[in-house]
Amino acid sequence: MRRCIRSSQQGWTRTLRSISKACLWKIITSDYPLDIKELAAQWKERRFGNYDALEIIYATHGVLLRPNGSPTIAITPPAEGGAVADTTYTITWTASDPDSETYTVDLFFDNDKTNGGETVIQTGLPMDVSNFEWDTRNIKEGNYYILAKIEDIRTANNEDYSDVPVTVDHSPLLPPVVTSKTHPDSNRWYANNSPEFTFTTSPENTPRRRYSYVLNSKSDTISDTTPESNISNNTLTFNMLSEGIWWLHIRAQDDWGYWTDTTHFRFNIDMSKPSMIWDVNRDNVVDIADLALVGSHFGETTTKDKNYVPPLGKGVGGFFDVNGDGVVDISDLVLVGKHFGELVTW
């Protein structure tokens, strides 16, 4: 009986080859097995050794000596809005085998989630590995789905496609830069409740850029991934906001479809603060912008109420009739000019 025992280090295939004629003859002449499954059963019963290796070889050739549950694998999805990669992307997954058997993982990518046309990323990853750094430096820009295939030692298998694609972009879009001609300094208060904002994106700035934003009083809100319809040519205007500290949270969408991180921009409104009438646009400095604003409304007649704020599109801050005499004329330009360069502080 000892002669039938072979070391597992000799390998599975060699195990079969090394079964002695005496062992086989003993099973055949004493037990009369009707097929190879019965032969394996008698091998196990007689404790000839290396039964696990024998079982694996059977499974490799499509014969299961005991039930084999399929392993499972699931690719970890990226954050909301998708993932973007320039030179590398870390693929992460969770996997398990119901029979606690050894398994390996193979990784692929394609652009349409159709089996058969995938490209190999890496094969033969062992079961103690749950992530892989994908080198995307030489991958053409585009959207790609990740395919993970798993197979256990007895050839049961499974697979999983990523739910959303990974965008390979070698010049990824950066979060938008926010500027405001009405509220340029986040540390200052402005007596203007109709703020205007301009957004710039890099490395490409296009008037067709799509954005998503949230306007609230919190500093760390993350905007969603639904494009807004009221942003045109990278500009956004709000009208008649209440007083207080406001935060604009905005992110941009690239042409490939992924979203940037969120930019957070603070601005402050206090309509009760006194303001010098020659600071026409209420930006706390008397400069060429004030002269230009008065000049753009030259000859217009207005209300004599110096606290009048015109509707949206009729002037920033609305105090272009500087002296409040009901008409925008040379006297308003002269008044602004006398205070040119002065800073208005509260």
> Considering the Cα trace of region 177-269, what is its radius of gyration and what is Dmax, both in angstroms?
Replying inline: 12.9, 40
>> Can you tell me which aspartates and glutamates have their Cα less than 16 Å from the Cα of Lys338? Leave out same-chain residues fewer than eight positions away.
In response: Asp279, Asp287, Asp290, Asp321, Asp329
> By how many nm would the segment from Asp255 to Ser232 lengthen if fully extended, with 0.36 nm per residue of separation less the alpha-carbon distance?
Replying inline: 6.6 nm
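Assuming R0 = 56 Å, can you tell me the calculated FRET efficiency for the pair Thr179 and Lys113, based on Cβ-Cβ distance, to the nearest 0.05? Spell out each step's value before the answer.
Details: r = 41 Å, r/R0 = 0.73.
The formula returns an efficiency of 0.85 here.
What FRET efficiency comes out for Asp135 versus Ala289 if R0 is 41 angstrom and r is the Cβ-Cβ distance? Round to the nearest 0.05. Before the final figure, lay out each step's value.
Details: r = 51 Å, r/R0 = 1.24.
Efficiency, rounded to the nearest 0.05: 0.20.
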> Relative to the Cα centre, what is the charge dipole magnitude of region 160-301, using +1 at the beta carbon of each Lys and Arg, -1 at the beta carbon of each Asp and Glu, and rounding to the nearest 20 debye?
Replying inline: 280 debye
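Given +1 on the Cβ of Lys and Arg, -1 on the Cβ of Asp and Glu, and no further charges, what dipole in debye does region 147-203 carry about its Cα centre, rounded to the nearest 20? Before the final figure, lay out each step's value.
Numbers: 4 positive and 8 negative charges, 79 e Å.
Charge dipole of region 147-203: 380 debye, to the nearest 20.
Rounded to the nearest 0.05, what FRET efficiency is calculated for Asn157 and Ile222 with R0 set to 35 Å and r the Cβ-Cβ distance? Mind showing how you got there, number by number?
Values: r = 39 Å, r/R0 = 1.10.
Efficiency for this residue pair is about 0.35.
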> Distance in nm between label sites at Ser100 and Ile277, each 7 Å beyond Cα in the beta-carbon direction?
Replying inline: 8.8 nm
> Quick one: Thr123, Thr167, Thr262, Thr198, fewest Cβ neighbours within 10 Å first, how do they rank?
Replying inline: Thr123, Thr198, Thr262, Thr167
> Radius of gyration and Dmax for region 113-243's Cα atoms, expressed in Å?
Replying inline: 22.7, 74
> Which of the listed residues, Gly124, Ala148, His249, is farthest toward the dipole's positive end in region 102-251, when Lys, Arg count +1 and Asp, Glu count -1 at the beta-carbon?
Replying inline: His249
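We did not get these values from a lab; they are worked out from the coordinates using the rules stated. It should be emphasised that the depicted structure is a prediction, and the values quoted were computed from it without experimental measurement. All Cβ positions, even for glycine, are placed from backbone atoms using ideal geometry, and neighbour counts span all protein chains on display.
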